[in-house]
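Structure first, then comments.
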Amino acid sequence: MGNCSKPPRVVLLGKQGAGKGTQAARLADHYGTVHLSTGDLFRAQAAQGTAFGLEAKRYMDSGDLVPDEIVMGVIEECLAPGGPLDDGFVLDGFPRTVPQAIDLDRVLGARPLDLVIDLEVPKEIVLDRIAGRRVCENCQTVYHVNMPPSHNWTCDKCGGNVRQRDDDTEEAVERRLELYERETVPIIDYYREQGLVIMVDGFGNGDEVFERLVKVIDDRMQA
Ligand SMILES: [Zn+2]
């Protein structure tokens, strides 16, 4: 368990299909901190009526990408005393670029990140997980070619058609993984120079991976 006196400030990086979202939520729960996507943060701040929150919501409502300076404005508001990120966090899906990482450091100021975890899962595993995925068109229940529904690709729950999503094909997944590498390698390099990066093996069942993550966080917080 560890005896962390203060909640950790963690950035979790990892490929799609590495189980990052699930692990980030479990970690936040374990440490009593917050796991929020940037979308959640935008909505929370907009609901509070903060300046950057409302601005971000305007972009989201019109389907536009929220510009970097507004993303950072929201993050800064969230880090303020009493804000949703004040008491530690597990960031998942942010920062996406080196300029965002630099900005995040600036905004964190005297309370910097504790660590950046690179959740590493071999590409073949991710490809198999995603390209092997089959989803019920009707109720969205997820199956896998190795664990199909019992009758001829008919959903066990609702009888709907179970098929592969267009963006789950091997080519589509390969493309997303390449994009991820291009975007993320520079971020990892940036944090590595600060001695913040710890690579964690994301292969194995969810509980095993979770234990590995907790161990590296506890070790870092006690150091
Ligand atoms: Zn179904």
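Observations, loosely collected:
- Residue within region 148-169 that is in a loop (DSSP other than H, G, I, E, B), within 25 Å of GLU211 (Cβ to Cβ) and touching a helix residue (DSSP H, G or I) at 6+ places or on another chain (Cβ under 7 Å) present: no
- Residue list for region 36-49, filter: surrounded by 21 or more Cβ atoms within 10 Å (Cβ to Cβ) and not in a helix (DSSP H, G or I): LEU36
- Taken over region 144-165, the criterion of being open to solvent by 90 Å² or more (accessible area, probe 1.4 Å) and under 19 Å from GLY17 (Cβ atoms) is satisfied by ASN146, MET147, ARG163, ARG165.
- Unmet criterion (only one of (1) within 15 Å of the ligand (Cβ to nearest atom); (2) closer than 20 Å to ARG96 by Cβ; (3) small (Gly, Ala, Ser)) for GLY159: (2)
- Selection of region 205-223 for residues being aliphatic (A, V, I, L, M) and in contact (Cβ under 8 Å) with a residue 12 or more places away in the chain yields VAL209, LEU213, VAL214, VAL216, ILE217, MET221.
- Region 50-79: number of residues that are in a loop (DSSP other than H, G, I, E, B) and open to solvent by 40 Å² or more (accessible area, probe 1.4 Å): 4
- The residues of region 166-201 that are open to solvent by less than 50 Å² (accessible area, probe 1.4 Å) and among the polar types (S, T, N, Q), listed by number, are THR169, THR184.
- Unique residue being within 28 Å of ARG192 (Cβ to Cβ), touching a helix residue (DSSP H, G or I) at 6+ places or on another chain (Cβ under 8 Å), at pLDDT 90 or above and open to solvent by 20 Å² or more (accessible area, probe 1.4 Å) when the list is VAL98, VAL90: VAL98
The values are calculated or read from the model by the stated rules, or taken from the named source; none is laboratory data. Computed from a predicted model, the values in this text were never measured in an experiment. Please note: Cβ atoms are built from the backbone with ideal geometry, for glycine as well, and neighbour counts cover all protein chains shown. Remember, those area values only see protein heavy atoms, side chains included, never the ligands or the DNA or RNA. Shrake-Rupley method; radii C 1.70, N 1.55, O 1.52, S 1.80 Å.
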